[in-house]
1. Looking only at strands (runs of 3 or more DSSP E) that lie completely in segment 106-217, which have at least 2 residues being assigned by TED's automatic domain parsing to the domain that holds S271 and within 14 Å of the chain's Cα centre (by Cα)?
2. Please determine whether any residue of segment 214-224 is touching a Pro at 6+ places or on another chain (Cβ under 7 Å), within 17 Å of S118 (Cβ to Cβ) and modelled with pLDDT of 85 or more.
3. Any chance you could count how many residues in segment 200-212 are surrounded by fewer than 22 Cβ atoms within 10 Å (Cβ to Cβ) and either polar (S, T, N, Q) or at negative phi (or both)?
4. Under 8 Å by Cβ, and 6 or more places apart or on different chains, what pairs join a residue from segment 60-79 that is under 16 Å from I208 (Cα atoms) with one that is at pLDDT 90 or above and basic (K, R)?
5. So, in segment 29-45, how many residues would count as being touching a strand residue (DSSP E or B) at 6+ places or on another chain (Cβ under 6 Å) and closer than 11 Å to L98 by Cα?
6. Test S56 against the stated conditions and say whether it is buried (at least 19 other Cβ atoms within 10 Å of the Cβ) and modelled with pLDDT under 80.
7. Would you mind finding the one in G174, G149 that is under 20 Å from S56 (Cα atoms) and in contact (Cβ under 8 Å) with a residue 24 or more places away in the chain?
Amino acid sequence: MNPAKTLFLFAIVIGSGYARMPAAFAVGAHQVQLAHDAKLSCVNGGECEPALAMISVATDDGVDRCTGFLISDHEILTNDHCLNSIPVFKHGASCNGLVFAHFSGGVERNCKRVSIRSGQTGINSKDYAVIELDQAVRDRSPMPLSKRGFNANEVGVIHRVQVTKNPQTGADDGVQARLTCKATFNTILDVSISSSRDPLMTFGDCAIQSGNSGSPIINEDGEVGAMVQGFLSTSDQNFPLLLQPYLLEGRYGPVTMTTQIACMKEIVGGSADSCNEIKPVVALWPAIYMSRYHGSGINARLQAE
């Protein structure tokens, strides 16, 4: 596949929805119980990562699911947008009793506080957050983080969670799974992604689904090089017909948008200063496609969906 000719187009779809901020907010005991009761299991030992967590967020109208992973014995890295459904989750805010981390082997931790938020969510933004746990997890090691970005066509392994409904508890339980993808430069959405120092990275042939936001992507050095934040979908009816063959129907998306670990300054330190700037999405689209969206509000939809 010639990456310069790759025809990929994104409409971001994430684990729980961007920027849903209810005017009146109240979490009931039932939602908290469902979030608490979820379990993460490992069926195939070869596909399991002990540091992977299923994140359950009790909200005013249900439970949101995301993924995350240990970066220390008491900290989990996940997506910023996974916390958007609760307006009180500001930087440094308590998340006790509302956010739970479920690990394989029946290990569960309560969230203590939100220590880092990127403060940006959208298809063209770095999307990450760190939550601190109420108790350290010492029976498994944190995942090693990379200070380099993915190279073109480098293979990445995504550790993700497949969510299923538990008929007895009503909670959404998870099963760990592993998926192999490939870093892809020069997509039709964002031709600026053409360097390992770009903050965002696209991956092809990735059938991820809702709830996989925050999944770690392992590079060829065995370190976490990027984190899933969204996938391609056909849900937006404004897509040009000639691009439909490159989209996948249903809840799954074969193309993944990620944030690179090497460009998370609060996580890796000063080495992130050498990362490139993120350019506006719409300014990079070929005029032939943009002309079809004139006056349709596609700019706001892409950046805030």
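1. Details: elements: 108-117, 129-133, 155-165, 172-184, 200-204.
Ranges flagged: 155-165, 200-204.
2. Yes, the conditions are met somewhere in segment 214-224.
3. From segment 200-212, those surrounded by fewer than 22 Cβ atoms within 10 Å (Cβ to Cβ) are 204-205, 207, 209-210; that's our starting set.
Add one more test, that the residue is either polar (S, T, N, Q) or at negative phi (or both), and what stays is 204, 207, 209-210.
Result for segment 200-212: 4.
4. Partner pairs satisfying both residue conditions: T67/R160.
5. Qualifying residue count, segment 29-45: 5.
6. Values: buried (at least 19 other Cβ atoms within 10 Å of the Cβ): yes; modelled with pLDDT under 80: no.
When the stated conditions are applied, S56 does not pass them.
7. Working: G149 fails: under 20 Å from S56 (Cα atoms).
Just a single option satisfies the conditions, and that option is G174.
One line per residue, one yes/no per condition, for (1) in contact with a strand residue (DSSP E or B) (Cβ under 7 Å, 6 or more places away or on another chain); (2) at pLDDT below 85:
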position	(1), (2)
S141	no, no
S146	yes, no
V161	yes, no
K165	yes, yes
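The values are calculated or read from the model by the stated rules, or taken from the named source; none is laboratory data. Being a predicted model, the structure only gives us computed values, none of them experimental. Heads up, the Cβs are rebuilt from the backbone with ideal geometry, glycines too, and the neighbour counts pull from every protein chain shown.
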